[in-house]
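Enquirer: To start, I am sharing the structure in question, which I have written as structure tokens.
The values are calculated or read from the model by the stated rules, or taken from the named source; none is laboratory data. No experiment lies behind these values; they were computed from the predicted model shown. Here the Cβ is made from the backbone with ideal geometry for all residues, glycine too, and neighbour counts use every protein chain on show. Remember, those area values only see protein heavy atoms, side chains included, never the ligands or the DNA or RNA. Shrake-Rupley method; radii C 1.70, N 1.55, O 1.52, S 1.80 Å.
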Amino acid sequence: MNRGGGCKILLIDYVIQESKIEKHTVTVNIPDSDGINQEVTKTVPGKVLAFKFKKIIKTFVMGEEEKYLFEKKKDKDGNPTDVDAEFYTFTGSKIMIDQALNDFSPADLPCPTVIQQFQGKDGKTYTKFT
């Protein structure tokens, strides 16, 4: 079930890296000096998707091309400037990490996309690029 219209962004850059917070315990088979596999439990970092983006406030269609109005940086008094604001965030969303690995590449950037939140049948919420 869709939980809202989502947030339209211009995805500028991203990187998938090891999380400094989320860790997983895994069991692996490692051969000992006699060549016999031994089960060893290890703690490994989870993955995190860090990305840079601009918030799209309005989309204009000019012929077959889209143009965008972005959220602007604010001055010291909180007033918008003429400079587009850039944002950075990260997520451990396995769906979004999988999309970044399989559905697009840095060569596709920058690209407009929407981040939406959905609710699964189990009641849990998840986010994905749409």
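Enquirer: Any residue at all in region 81-96 that is of a type in the set (S, T, N, Q), in a strand (DSSP E or B), in contact with a Ser or Thr (Cβ under 8 Å, 6 or more places away or on another chain) and closer than 19 Å to Lys128 by Cβ?
Expert: Yes, the conditions are met somewhere in region 81-96.
Enquirer: Picking from Ile16, Ile57, which residue would you name as being touching an Asp or Glu at 6+ places or on another chain (Cβ under 6 Å), assigned to a strand (DSSP E or B), among the hydrophobic types (A, V, I, L, M, F, W, C) and under 26 Å from Asp103 (Cα atoms)?
Expert: Ile57
Enquirer: Go through region 64-73 and report how many residues are without any contact (Cβ under 8 Å) to a residue 24 or more places away in the chain and either in a strand (DSSP E or B) or open to solvent by 70 Å² or more (accessible area, probe 1.4 Å) (or both).
Expert: 6
Enquirer: Suppose we filter region 85-130 for residues that are under 11 Å from Phe53 (Cβ atoms), small (Gly, Ala, Ser) and open to solvent by 40 Å² or more (accessible area, probe 1.4 Å); how many remain?
Expert: Residues flagged as under 11 Å from Phe53 (Cβ atoms), small (Gly, Ala, Ser) and open to solvent by 40 Å² or more (accessible area, probe 1.4 Å) within region 85-130 amount to 0.
Enquirer: Also: Does region 30-40 include one or more residues that are within 29 Å of Leu109 (Cα to Cα) and either of a type in the set (A, V, I, L, M, F, W, C) or surrounded by 10 or more Cβ atoms within 10 Å (Cβ to Cβ) (or both)?
Expert: No, region 30-40 has no match at all.
Enquirer: Which condition from (1) open to solvent by less than 70 Å² (accessible area, probe 1.4 Å); (2) modelled with pLDDT of 90 or more; (3) under 27 Å from the mean Cα position of the chain (by Cα) is the one that Val44 breaks?
Expert: Val44 satisfies all of (1) open to solvent by less than 70 Å² (accessible area, probe 1.4 Å); (2) modelled with pLDDT of 90 or more; (3) under 27 Å from the mean Cα position of the chain (by Cα) except (2).
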